[in-house]
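Colleague: Below are the structure tokens for one structure; questions will follow.
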Amino acid sequence: MSGKHYVDNKVLYTEMIKYLNKLNEAKEAGVPKEKLPRVPNYIGQAIFMIANRLSTRPNFTGYSYRDEMVSDGIENCLMYLHNFNPDKSKNPFAYFTQIIYYAFIRRIQKEQK
């Protein structure tokens, strides 16, 4: 992780491409779902940091269920990780931030019901 930013988008992009290539190769080889390659630590840490940092924004700080919001965001990122398209975007940071943001909104709406 670089000093200026808590997540280095260029490194995250490179790691995503490597992971997606491994994932696609495994899927083409007919590897069962349980044996697919694991998400690399760097990507996992980046998602965790993005979710935690986003939860400290003023529009999300007042909620007692912030931990659940962060968990939902991380879970959604892992569910939709394979949908990131490097041909459309070179910004996985924004992709994950968007997923986490909407997971937070859904959790808030669910808790308010």
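Colleague: His82 is checked against (1) open to solvent by 40 Å² or more (accessible area, probe 1.4 Å); (2) free of Cβ contacts under 8 Å to residues at least 40 places away in the same chain and fails just one. What number does that condition carry?
Modeller: Every condition holds for His82 apart from (2).
Colleague: Being polar (S, T, N, Q), farther than 15 Å from Arg57 by Cβ and surrounded by 13 or more Cβ atoms within 10 Å (Cβ to Cβ) is the filter here, so list the residues in segment 85-100 that pass it.
Modeller: Once the filter is applied, which keeps residues that are polar (S, T, N, Q), farther than 15 Å from Arg57 by Cβ and surrounded by 13 or more Cβ atoms within 10 Å (Cβ to Cβ), segment 85-100 yields only Asn91.
Colleague: Can we say Ala103 is open to solvent by less than 40 Å² (accessible area, probe 1.4 Å), without any contact (Cβ under 8 Å) to a residue 40 or more places away in the chain and farther than 20 Å from Leu20 by Cβ? So that I can check it myself, show each step before the final result.
Modeller: Numbers: open to solvent by less than 40 Å² (accessible area, probe 1.4 Å): yes; without any contact (Cβ under 8 Å) to a residue 40 or more places away in the chain: yes; farther than 20 Å from Leu20 by Cβ: yes.
For Ala103, the condition - open to solvent by less than 40 Å² (accessible area, probe 1.4 Å), without any contact (Cβ under 8 Å) to a residue 40 or more places away in the chain and farther than 20 Å from Leu20 by Cβ - is met.
Colleague: Could you tell me which of the residues Arg53, Arg107 is at pLDDT below 95, of a type outside the set (Ser, Thr, Tyr), part of a helix (DSSP H, G or I) and under 21 Å from Val39 (Cβ atoms)? Show your work before the answer.
Modeller: Working: Arg107 fails: under 21 Å from Val39 (Cβ atoms).
Criteria check complete, one pass: Arg53.
Colleague: Still on this structure, please answer the following. Quick check on this structure: which one of Tyr42, Tyr19 is open to solvent by less than 80 Å² (accessible area, probe 1.4 Å), at pLDDT 95 or above, part of a helix (DSSP H, G or I) and more than 17 Å from Asn85 (Cβ to Cβ)?
Modeller: Tyr42
Colleague: Tally time: how many residues in segment 23-46 are of a type outside the set (A, V, I, L, M, F, W, C) and closer than 27 Å to Val70 by Cβ?
Modeller: Qualifying residue count, segment 23-46: 9.
Colleague: Here's another thing I want to ask about it. Show the residue pairs meeting these rules: Cβ distance below 6 Å; 6+ apart or different chains; first residue within segment 31-46 and closer than 15 Å to Gly73 by Cβ; second residue surrounded by 15 or more Cβ atoms within 10 Å (Cβ to Cβ).
Modeller: Final answer for the pair search is Ile43/Glu15; Ala46/Val7; Ala46/Leu12.
Colleague: When you go through (1) touching a residue at least 24 places away in the same chain (Cβ under 8 Å); (2) touching a Phe, Trp or Tyr at 6+ places or on another chain (Cβ under 7 Å) one by one for Ser89, which number turns out not to apply?
Modeller: (1)
Colleague: Any idea which of Val31, Val7 is surrounded by 16 or more Cβ atoms within 10 Å (Cβ to Cβ) and either within 17 Å of Ile100 (Cα to Cα) or of a type in the set (A, V, I, L, M) (or both)? Steps first, answer last, please.
Modeller: Details: Val31 fails: surrounded by 16 or more Cβ atoms within 10 Å (Cβ to Cβ).
Unique residue meeting the criteria: Val7.
The values are calculated or read from the model by the stated rules, or taken from the named source; none is laboratory data. This one's a predicted model, so the numbers in the text were calculated from it and none came from an experiment. Note: ideal-geometry Cβ built from the backbone for every residue, glycine included; neighbour counts use all protein chains shown. Surface areas here come from the heavy atoms of the whole protein model, side chains and all, with no ligands, DNA or RNA. Shrake-Rupley method; radii C 1.70, N 1.55, O 1.52, S 1.80 Å.
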